[in-house]
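I have placed the structure first, in the form of structure tokens, so that the comments after it can refer back to it.
Please treat every number below as a calculation from the coordinates, not as lab data. As the structure is a computational prediction, the values presented were derived from the model and not from experiment. Neighbour counts run over all protein chains shown; Cβ positions are idealised from the backbone, glycine included.
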Amino acid sequence: MSDEPGETTSYWCEWAWVGGPEAAPGVQVDVADGRISRVRTGVSSAPPAARVRFGLTLPGFANGHSHAFHRAVRGLGHQASGSFWTWRDSMYEVADALDPDRLHRLARATFGEMVLAGYTSVGEFHYLHHGHGGVPYADANAMGDALVAAAAEAGIRITLLDVCYLRGGTDRELETSQRRFSDGSVDGWIARASERRTADHLRLGAAVHSVRACSPSEISEVARWAGSHELPLHAHVSEQPAENEQSLAAFGRTPTQVLRDSGALGPHFTAVHATHLTADDIDLLGSSGAAVCLCPTTERDLADGIGPAARLAGAGVSLAVGSDSQAVIDALEEVRAVELDERLASGRRGAFNATDLARTLTADGHAVLGWHDAGRLAEGARADLVTVSFESVRLAGAHTGHLLEVALFGATAADVTEVTIDGVDLVVDGRHQSLDVPRELAESLRESWS
Ligand SMILES: [Zn+2]
């Protein structure tokens, strides 16, 4: 599917979002060597040999926070009552059965599903590092390498957020099921993470699992190392009230304050979830230039709560979204929930319009993963094109003056029909061109339950 080096391929988009409040008609996007070389608006008909994209074409979507293997528990555990903590037990059971080969197959299928939904980059928050009992594999990065290979085969770029996870709680050692996550010390984590290989579709990132899993001094060491290598740094922050209570009891400070005092906050930092924040936490995130990655479909699934998205945006915090537990892999459903949940919480509509949501899903999402050259239909940007068709029963008859709004608030992953990543046409007419994603999901999920 890839084109010869230096050759220009033209795409003619019936409609495209090139920034601004609404879609533009007749947009020609020229692509060479995986980059956009020119964008022309007002091109009323497709030039000869152009690849035609009917519907609305958007820049690539970014999945800011993912645990690929959680895909295996989608739809399970809804019969019984419970909470995040009971869900976590079933997720740990799946994790226990994974080795590098199984993880590779499960992640490839899951990343394939993401590509079909229009995601062109994924931030994989990776903590399942070692074998049973915490015994390292012969190649200590075998599990991370499995994820990187899976992403390459699915055609998605990956930011591997290598997680430092050393404790079972602020006052607890690791549970048996958590030993696989730990490198024993920050030095052990740095030694392993430093050995990572590089690849064109890969960016490295660092992560602190949470203030439950690393002490304040350990967070300082991780932040220092990430800063010295200019890596994006992510952490789960205040997903649960219990996390705040443990942090206050152990450190006398909220998780955000602990992260600030440990030197973690700043423009390279992304707080994942940020659901239960104080006003001071919001100010700290805003004034530091940090971003927040909301995961609304997971947060509702796990009964986490609704994060203060509008107040964060008002404090100058840039927002991204992530599919996290894979309860849903639908970028459009994920991002519109930022506004729709805000409506439920506030009783008001309109904190975020379609343009705000489109920016969250594209350029701002890519920025938290370190792909600053992706997420725009603009000259020089990576050639990611995601087309939403208006031919389904959901969208037929869409008002052509409001296509961006209709797509953001009415379309689903099933309406994404064409996806190009770095100039490669990976999804054509709703089908992944190199993977049979439904079959791979069926096989890898069956395997993960056996
Ligand atoms: Zn997570």
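What residue among V317, V208, V39 has the largest mean-square fluctuation in a Gaussian network model of the chain, using Cα springs under 10 Å?
Top of the fluctuation ranking is V39.
What spacing in nm lies between the two simple spin-label points modelled at E93 and H399, each 7 Å away from Cα in the Cβ direction?
4.9 nm
For S81 and R253, calculate 0.36 nm times their separation in residues minus their Cα-Cα distance, and state this gained length in nm to one decimal.
In short, 58.8 nm is gained.
In nm, give the distance between the simple-model label positions of R172 and S346, each being 7 Å from the Cα along the Cα-to-Cβ direction.
So the two model labels end up 3.6 nm from each other.
Using the 10 angstrom Cβ neighbour count as an exposure proxy, how do E175, E4 rank, fewest first?
E4, E175
How many percent of DSSP beta bridges within the chain run antiparallel, rounded to 5?
40 percent
Obtain the nm distance between the two label points defined at R446 and A378 by a simple spin-label model: each point lies 7 Å from its Cα along the Cα-to-C-beta direction.
Taking the two extended label points, one gets 4.8 nm.
Anything in the chain that counts as a DSSP H helix reaching 20 Å or more along its axis (C-alpha) with Kyte-Doolittle mean of at least 0.5? List them, would you?
none
For H273, H229, H129, what's the fewest-to-most ordering of other Cβ within 10 Å of each Cβ?
Lowest count first: H229, H129, H273.
Counting only residues 5 or more places away or on other chains, whose amide H sits under 5 Å from the amide H of T275 once H atoms are built in the peptide plane?
Residues meeting the amide H criterion: E239.
Assuming 0.36 nm per residue, please report the length gained on full extension of the stretch T41 to V135 beyond their Cα-Cα distance.
28.2 nm
Give me the net charge of L259's neighbourhood, meaning all other residues with Cβ under 14 Å from the Cβ of L259; Lys, Arg count +1, Asp, Glu -1.
With Lys, Arg at +1 and Asp, Glu at -1, the net is -4.
For L445, L248, which order do you get if you count the other beta carbons within 10 Å of each Cβ and list the fewest first?
So the ranking, lowest neighbour count to highest, is L248, L445.
What does the extension gain come out to for D261 and D436, with contour length at 0.36 nm per residue minus their alpha carbon separation?
Gain on extension, D261 to D436, equals 58.2 nm.
Under 8 Å for C-alpha pairs, at least 6 residues apart: give me the relative contact order for the chain, rounded to a whole percent.
After rounding, I find 21 percent.
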